[in-house]
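For reference, the structure is listed below as C-alpha cells.
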Amino acid sequence: MLKLKNVSKFYYSKGVIASGFSRVNLELAMGEFVVITGESGSGKSTLLNVLSGLDTYEEGEMYINGEETSHYNEEDFEEYRRKYVGNIFQNFNLINSYTVYQNVELALLLNGENKKDIRDLVNGIIEKVGLTEFADTKCAKLSGGQKQRVAIARALAKETPIIVADEPTGNLDSESADEVMRTLSEIAKDKLVIIVTHNIEQVEQYATRLIKMHDGKILEDKKLVEPEVQDEDISRDFKDITLENRFRIGARNAFNIPVKFTLIFFVFLFISFAVAGTYATFQKQEYEEATYGWNEFFSDTSDTRIVINKNDRSAITDDEFAAVAKLDNVKKIIKDDTLIDYTNSISNEDYWYYFYGNFESIEYFDGELDYGRMPEKPGEIVLQGSRQNYDLREEPEEILGETFYMDDYEEDGDRNKNMTMTVVGISYSERNDWQVKYYVDNSILEVMRQRMALQDSEVTSSFAGNTYTSYSGDPYFQIVASDKVPRGKAYVSANFDYEVSDGNCLGERIEIDIENTYHSESLKVNVAKKYNKNNFKGLLGLDYSENHEGKVFINSKDYQELFYNGIFQSSVYVKDAKKLDGTLAELENMGFNTLAMRDALSSDGADVQQLISMIKTFVIAALIIALFFISYFIIKIVLKSRNAYYTTIRTLGASRKISKQLLDIELMITATIAFGLFMAFMLLVYAGVINNAFIFDLAGYMSAGNYVLMYVIIIGMSYMISTRFAKGLFKNSVMSTYKEEV
Ligand code: ADP
Ligand code: MG
C-alpha cells in the first residue's frame, strides 16, 4: 500500500536545517494496525504527515500503490488525501461552530455526496461512535473524548482505506482514551490504521505491528500479527462536491458564527451606503450646476423640458406623439412647441388692460381656476398669472368677460382684430414674474402657428422671369391668405402689369417656394384677378390701404398647405427631471433629435460642471479602492480565525480551488444580504415610509442601472477580498498553515 525508501524530511527555518526524520525505510500494507511510539521529538508526527500527504518530503521516494510520488504536486497530494486518507489529530481539528452531524456530513459533502442521500449513513456513523444524543450539539460544547469520537466518525464517513491518528488519546483521560481506542480498533478492519501513541498498553491488544522511533530514525519494527487482508488498491473514487452543496456549505459558513457574520455584514452595508451616498451627492451637485443658467432662444428653460424633432426632419405623426406620451417619465407633450417661446402682448379694446405672455393649449391647463369658468366655445381663454400682477390681483372680476386683441399692428396702425380672445377664467400661478399664460383653444393656436410659420420662413416667388424674396414685414410679394381667392389662383396688385413684357399679368404664373428649418414647399398659382383701390373691397372684402400694394392673395387652404404642413418640433415635459437621461435615451431610440433645456443653458458654470464630473470619477474610483483596502483588512482580521477551518476542510479532501470557492460564496452571500438590506432601506425611502427629505432627495439621483452597477461592484469587491485572503491562506502546505495557526 505505502512504501518509503530512504525518505528524509528536513525543516528549514531561519537558515537552520532541522531534521524531521531521515532515511526511513518502511512498507505498510492493508489490514495492518500500526502503532508508532517514541519519545517526543523523535519524528513521529512528521512521519505521519508525510504518509498522509499533508507535508512534503525532501529525499528518497514514497510509493503509493507502487506509484512514485516525488514528482507529485499540491493537486496530486490533494487527490491522494481525498481518495485514501482519513486523519485524526491530537487536537481534534473539528469545526467547532458546526454540530456533530454537520462535521461528519461535511466530509461526505466535500466528496460529492448529496445531502439527502447521506442522512442515514451519517446518523449510523454517529451511532457507531456513540454520540447520537449529541448529533445536534455544536462541537465546541463537547468534552475532549467526545470530540475525538467525532473526529473518528468523520474519518470513518470518508471510508478511506488509510486512517492516520496522531496521538488521538493524548488529550483524553484514560477512560475516554480506552473508549476511543476501542472505537478505532472496531473500524480498523480491512483498513490500514497508523496510530502514534505514548501509551502502548492501550493499543497492544489491537496492534498488528509496533514501530519504535528515536531521533528521526526507526529503531525497531516488529510485526505481531500477519495481516489477513490482501494488499490491493481499494481507494474510493470520489466525485467533486456538487454546486448545490458548495452553496449550502458557503451559506452555512456565512451564518454559523454570528459575530463574524455581523462584522462582515456591516462592512458591506457600510460600503453600500458610502458608495451610494457619494455618487448621489456628486450627481446632485452636477445636476444643480447644470440647471443654473439661461438660453437666448428658449424662454422656457425649465429642467423638465426636452425639445424634440425627427432625425430626418419629417413631420411628427400622431402615432409618434402617442408613443412618446406612453413613456414612463413623460408628463405632457406640447406639440405647438414654437409657441412656448413666442411671447406676445394682448390688450383690451380701450387699452385699459395689458398683458404680456405666451400661448398654451387649454388642454394643458392643470392649475385651479380662481375666478370664472373654463372656456366653452372658440375664442374663450383662461388667463394665468402671478398675484404680483397688479391687474390680475386687484381687478380679476373686471377682467372677466373682457375681449382682448393681439398687439400686432396692421400697416394702417390698427390692431389685428381678426382674432379675438375673451377671458372667461383667471388662475393664479406660483410663478414669480409678471408674464402670464394664455390658455387658448385650437382655433387660436392654429392661427398662431401659421403666423409663426410665416415668420420663420423664407419665401421666394418667381414671376415673369424675376424672383422676389420676401421676409416677414416686407409687403412686396408678401403672400396673404384669403377665402375669396379660388384654389390655385392668385389676386395680385394691378401694378404687377409693369412686371410683364406684354403689359398684362392676367394668367401669368407665380411659383412660390417657401423654406424654413423643417420643410420646404412649392405652390404654383395663376393670376386670376388684378386689384386696385377701387375693386379691392369687392374682390377681397377688406378695406383698401396703400400697404396692400404688392401683396399676393392666395386661397387660405393653399396658404395653409404651403406654410404649415405638420408639426416638426415639439417639447416634451418630464415628470422627474432627475430621470431625464433615461427619457432622452428613449426618445433618441425612437428616432428623435433631443435637446434638453438643462444642457442648452449657457452659464459660467460650464467649466465647473466639467470639473465636477472629472473629480466625481476620480473620487468614486479612489473611494472604491480605499473601501476595498479598509474592508479587506477588517475582513482579514475577522477571517483570521477561519484559517483552521480551511485547513481542516483541506485535510478532509477539499482542494485549494474548492476551499476558495466556499470562501467566495460565503462572502458573496454576506455581501448580497447587506446589499439587500441597503436596497430595502432605499425602497422604503422611495415609498416614503422612511421620511427624510435629505435622503429622499439624494435617492432621486440614483437610477436602477446605478443600483445594478453597485451590486456588481460590491460582489466584485467580495470576490477580490476572498482571492487576496485565499492567497495568504493557501501559500503553504496544509501542515505549515496549521502550525502558523497554533
Ligand atoms: P514527535 O511528533 O515525535 O514529537 P515531530 O515529528 O513533531 O516529533 O518532530 C520531529 C523533529 O522535527 C523535531 O526535532 C522537531 O523540532 C522538528 N520539527 C517538527 N516540526 C517542525 C517545524 N515546523 N519546523 C522546524 N522543525 C520542526
Ligand atoms: Mg508529535
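The values are calculated or read from the model by the stated rules, or taken from the named source; none is laboratory data. Keep in mind the model is a prediction, meaning the values are calculated, not measured. We place every Cβ from the backbone using ideal geometry, glycine too, and count neighbours over all the protein chains shown. Keep in mind that these areas ignore ligands, DNA and RNA; they rest on the heavy atoms of the full protein, side chains included. Shrake-Rupley method; radii C 1.70, N 1.55, O 1.52, S 1.80 Å.
Considering only the range 538-561, I want to know if a residue exists there that is at positive phi and of a type outside the set (Lys, Arg).
Initially, the range 538-561 is screened for residues at positive phi, giving 541, 550.
Now restrict to residues that are of a type outside the set (Lys, Arg): 541, 550.
Within the range 538-561, one or more residues are at positive phi and of a type outside the set (Lys, Arg).
With the requirement that a residue be β-branched (Val, Ile, Thr) and within 14 Å of ligand 1 (Cβ to nearest atom), what does the range 30-47 give you?
Kept after step one, since they are β-branched (Val, Ile, Thr), are these residues of the range 30-47: 34-37, 46.
Those that are β-branched (Val, Ile, Thr) and within 14 Å of ligand 1 (Cβ to nearest atom): VAL35, ILE36, THR37, THR46.
Go through the range 404-415 and count every residue that is outside any strand (DSSP E or B) and either at pLDDT 70 or above or on the phi > 0 side of the Ramachandran plot (or both).
3
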Identify all residues within the range 694-739 that are modelled with pLDDT under 90 and open to solvent by 80 Å² or more (accessible area, probe 1.4 Å); write none if there are none. PHE694, PHE696, ARG724, LYS727, LYS731, LYS739
Just the residues that are open to solvent by less than 20 Å² (accessible area, probe 1.4 Å) and either under 20 Å from ILE126 (Cα atoms) or under 60 Å from the mean Cα position of the chain (by Cα) (or both), please, taken from the range 188-221. ALA188, LEU192, VAL193, ILE194, ILE195, VAL196, THR197
What number goes with the only condition from (1) open to solvent by 10 Å² or more (accessible area, probe 1.4 Å); (2) away from ligand 1 (no atom under 16 Å from the Cβ); (3) touching a residue at least 60 places away in the same chain (Cβ under 8 Å) that THR262 does not pass? (3)
If I ask for residues that are in contact (Cβ under 8 Å) with a residue 24 or more places away in the chain, assigned to a loop (DSSP other than H, G, I, E, B) and either more than 20 Å from THR420 (Cβ to Cβ) or over 48 Å from the mean Cα position of the chain (by Cα) (or both), which ones from the range 350-365 would you list? TYR353
Quickly run through the range 38-58 and pick out the residues that are open to solvent by 10 Å² or more (accessible area, probe 1.4 Å), β-branched (Val, Ile, Thr) and either near ligand 2 (Cβ under 10 Å from one of its atoms) or modelled with pLDDT of 90 or more (or both). THR46
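So that you can scan it fast, the table gives a plain yes or no per residue for (1) touching a residue at least 60 places away in the same chain (Cβ under 8 Å); (2) within 28 Å of VAL50 (Cβ to Cβ); (3) touching a Leu at 6+ places or on another chain (Cβ under 7 Å); (4) open to solvent by 10 Å² or more (accessible area, probe 1.4 Å):
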position: ILE88; (1), (2), (3), (4): yes, yes, no, no
position: ASN96; (1), (2), (3), (4): no, yes, no, yes
position: VAL104; (1), (2), (3), (4): no, yes, no, no
position: ALA107; (1), (2), (3), (4): yes, yes, yes, no
position: LEU110; (1), (2), (3), (4): yes, yes, yes, no
position: GLY124; (1), (2), (3), (4): no, no, no, yes
position: ALA140; (1), (2), (3), (4): no, no, no, yes
position: LYS147; (1), (2), (3), (4): no, yes, yes, yes
Give the residues of the range 1-18 that are away from ligand 1 (no atom under 14 Å from the Cβ) and either open to solvent by 10 Å² or more (accessible area, probe 1.4 Å) or touching a Lys or Arg at 6+ places or on another chain (Cβ under 9 Å) (or both), sorted by residue number. MET1, LYS3, LYS5, ASN6
Could you check how many residues of the range 452-464 are open to solvent by 40 Å² or more (accessible area, probe 1.4 Å) and within 49 Å of the chain's Cα centre (by Cα)? 2
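I'm checking my understanding of the structure. Among residues of the range 480-509 that are of a type in the set (S, T, N, Q) and in contact (Cβ under 8 Å) with a residue 12 or more places away in the chain, which one is nearest to ASN466 (Cα to Cα)?
Once the filter is applied, the top-ranked residue is SER501.
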Which condition from (1) modelled with pLDDT of 80 or more; (2) closer than 30 Å to TYR719 by Cβ; (3) aromatic (Phe, Trp, Tyr) is the one that PHE238 breaks? (1)
The strands (runs of 3 or more DSSP E) lying entirely within the range 514-577 that contain at least 3 residues which are among the aliphatic types (A, V, I, L, M) and more than 60 Å from the chain's Cα centre (by Cα) are 520-531
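When you look at GLU67, is it in the same structural domain as ILE162 (by TED's automatic domain parsing), within 16 Å of ligand 1 (Cβ to nearest atom) and open to solvent by 50 Å² or more (accessible area, probe 1.4 Å), yes or no? Please lay out each step first, then the result.
Values: in the same structural domain as ILE162 (by TED's automatic domain parsing): yes; within 16 Å of ligand 1 (Cβ to nearest atom): no; open to solvent by 50 Å² or more (accessible area, probe 1.4 Å): yes.
In short, no.
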So, PHE21, is that one within 16 Å of ligand 2 (Cβ to nearest atom) and either of a type in the set (D, E, K, R) or open to solvent by less than 50 Å² (accessible area, probe 1.4 Å) (or both) or not? yes
Test each condition in (1) open to solvent by 20 Å² or more (accessible area, probe 1.4 Å); (2) within 16 Å of ligand 1 (Cβ to nearest atom); (3) without any contact (Cβ under 8 Å) to a residue 40 or more places away in the chain for GLU27 and report the one that comes out false. (2)
When the range 297-317 is examined, which residues are found to be closer than 13 Å to GLN569 by Cα and of a type in the set (Asp, Glu)? ASP312
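Could you check the range 167-187 and list, in sequence order, the residues that are farther than 13 Å from ILE125 by Cβ and either within 52 Å of the chain's Cα centre (by Cα) or away from ligand 2 (no atom under 16 Å from the Cβ) (or both)? Spell out how you get there, then give the answer.
Step one: of the range 167-187, the residues farther than 13 Å from ILE125 by Cβ are 167-182, 184-185.
Across the range 167-187, the qualifying residues are ASP173, SER174, GLU175, SER176, ALA177, ASP178, GLU179, VAL180, MET181, ARG182, LEU184, SER185.
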Across the range 666-682, what is the total count of residues that are surrounded by fewer than 19 Cβ atoms within 10 Å (Cβ to Cβ) and among the small types (Gly, Ala, Ser)? 2
Of the conditions (1) open to solvent by 50 Å² or more (accessible area, probe 1.4 Å); (2) over 28 Å from PHE725 (Cβ atoms), the single one that VAL685 does not satisfy is (1)
Name the residues in the range 25-65 that are farther than 18 Å from GLY86 by Cβ, within 56 Å of the chain's Cα centre (by Cα) and assigned to a loop (DSSP other than H, G, I, E, B), would you? THR56, TYR57, GLU58
